[in-house]
Amino acid sequence: MATSHTMSEEELKELYSFALDLGRRAGKILMDGVDMRCGDSAGRTETKQEEKMNAVDIVTQTDLDVEAFVKEEITKKYPSHDFIGEETYSAGSSKEYLITSKPTWCVDPLDGTVNYTHLFPMFCVSIAFILDSQPVVGVIYQPILDVTYSALSGQGAWQDDAHAWKKRRALPLINNPKAPIPEKAPKGCIFSCEWGKDRRDVEGGNMWKKVNSFVNMAAETGGREGKGGMVHGVRSLGSATLDLAYVASGAFDIWWEGGCWEWDVAAGFCILKEAGGLITTANPPPNPMSDSIQEVRLGSRLYLAIRPAGDTENETGRQAQERVIRETWKRVQGLDYTRPGA
């Protein structure tokens, strides 16, 4: 039987403050790497890069440096806590579910590595603290824009924080009241998605299914044999972590993705839930319009997230979120992302 772990409110607040500060200090290392490549005196010195799965699944020396720094700081402060980092985990052969009920830090030192190597600003540090298998602290720091997204369970979600000079804003950004979801959604929504690392050009493979799903969501209403969603736009940031932050903020209405690992989404889970968003599985069930909607397990690798939603005269925000989930399920294809070793 799993052991339940508890922490006081004061302990969690102290841990949250530590994570906020740590995220900014880790982001400074990322920006040091940017500075080495830019400017009159620096030239364009390339950081060391290695491919993991293919040419879009890469690790830089900066990833390794940031993770080593974050792990050292956490271990010094909380020596009894477990630690899961993308680079140390990826270096092993096991892909089993590693998050248990034990107090655990789950860290992506650089989400958006491809963006980082191209100096596209959509990259970040992601730090989550997990208690009893649930993320209770989430910190996402986007250093090139100097923006923090964060949450502490039961205390709300925020853009920027007490350490920043900017005004702290509650998430979602439109929150008094929260914006309702369009009546004919996904029409009128921003749909967020990622191409992912699986680029095998195989009919019926994940890339083909994703492309067909993207086109279904974007096509005119009634197009593609009734699957056309006529979304306002399709966005791909190249960072699942930031995708979730933008859903929590309300900038994105829908995020649909397969293939992510725990470190890609743990901090975003906490922030999205605290903001009032809903996250379930990406893959449509046998009966999309009637099967129950369950919150997805962290680590499932298949995610569909809906932004926080306000009530209207005709439906609650939760009912609207579930409506959009079902309409999205009608238009997307099931993806195949299993866990090797699980």
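Since every read-out is calculated from the coordinates, none of them should be taken as a lab result. Not measured: the values here are computed from a predicted model. Here the Cβ positions follow ideal geometry from the backbone for every residue, glycine too, while neighbour counts run over all protein chains shown.
The listed peptides 234-245, 11-22, ordered by packing as a protection proxy, come out as 234-245, 11-22 (highest mean of other Cβ atoms within 10 Å first). Residue separation of SER133 and PHE69 scaled by 0.36 nm, minus their Cα-Cα distance, works out to 20.6 nm of gained length. Magnitude of the charge dipole for the stretch 190-329, about its Cα centre and with charges confined to Cβ atoms of Lys, Arg (+1) and Asp, Glu (-1), is about 320 debye. Annotation: amide H of ASP160 within the under-5 Å range of THR148, TYR149, SER150, sequence separation 5 or more or interchain, hydrogens built in the peptide plane.
For VAL136, nonlocal amide neighbours, meaning residues 5 or more places apart or on other chains whose placed amide H falls under 5 Å from its own, are PHE129, ILE130, LEU131. Relative to the longest principal axis of the chain, what angle (0 to 90°, nearest 10) does the C-alpha long axis of helix 317-329 take? Relative to the chain, helix 317-329 is tipped by roughly 80 degrees. Each of TYR149, TYR116, TYR78 has some number of other Cβ atoms within 10 Å of its Cβ, and from fewest to most they run TYR78, TYR116, TYR149. Rounded to the nearest Hz, the phi-derived 3J(HN,Hα) couplings of the stretch 22-28 under the Karplus curve 6.51 cos²θ - 1.76 cosθ + 1.60 (θ = phi - 60°) are 5, x, 5, 5, 5, x, 4, where x marks glycine and proline. Sorting ILE140, ILE174, ILE181, ILE99 from the fewest to the most surrounding beta carbons within 10 angstrom yields ILE174, ILE99, ILE181, ILE140. Distance between the modelled labels on HIS81 and ARG37, one decimal in nanometres: 3.0 nm (7 Å Cα→Cβ projection). Give me the aspartates and glutamates in straight-line cross-link reach of LYS178: C-alpha distance below 18 Å, same-chain residues under 8 apart excluded. Leaving aside aspartates and glutamates fewer than 8 places away in the same chain, those within reach of LYS178 are ASP253, GLU274, ASP311, GLU313, GLU315, GLU322. Taking the Cα atoms only, what angle lies between the long axis of helix 240-249 and the longest principal axis of the chain, rounded to 10 degrees? The angle comes out near 70 degrees.
In sequence order, the stretch 167-178 has phi-based couplings of 5, 6, 10, 6, 9, x, 5, 8, 9, 9, x, 5 Hz under the Karplus curve 6.51 cos²θ - 1.76 cosθ + 1.60, θ = phi - 60°, and Gly or Pro positions carry x. Couplings for the stretch 118-127, taken from phi via the Karplus curve 6.51 cos²θ - 1.76 cosθ + 1.60 with θ = phi - 60°, read 9, 6, 8, x, 8, 9, 7, 9, 10, 10 Hz in order; Gly and Pro are left as x.
Largest mean-square fluctuation among LEU278, LEU145, LEU298, in a Gaussian network model of the chain whose springs join Cα atoms under 10 Å apart, belongs to LEU145. The angle between the Cα long axis of helix 262-275 and the main principal axis of the chain comes to about 70°, on a 0 to 90 degree scale.
Rounded to the nearest 0.05, the FRET efficiency derived from the C-beta distance between LYS197 and ASP336 at R0 = 22 Å is 0.95.
If you take all other residues with their beta carbon under 9 Å from the beta carbon of GLU67, and give Lys and Arg +1 and Asp and Glu -1, the sum is -4.
Residues ASP253, ASP160, ranked from the fewest to the most other C-beta atoms within 10 Å, line up as ASP160, ASP253.
Our note on the geometry: Cα centres of the stretch 128-180 and the stretch 207-226, 33 Å apart. Assuming charge only on the beta carbon of Lys and Arg (+1) and of Asp and Glu (-1), the dipole of the chain about its Cα centre is about 700 debye to the nearest 20.
The listed peptides 106-112, 71-77, ordered by packing as a protection proxy, come out as 106-112, 71-77 (highest mean of other Cβ atoms within 10 Å first).
For a protection proxy built on the mean count of beta-carbon atoms within 10 angstrom, sort 122-128, 200-206 highest first, please.
Descending packing order for the listed peptides: 122-128, 200-206.
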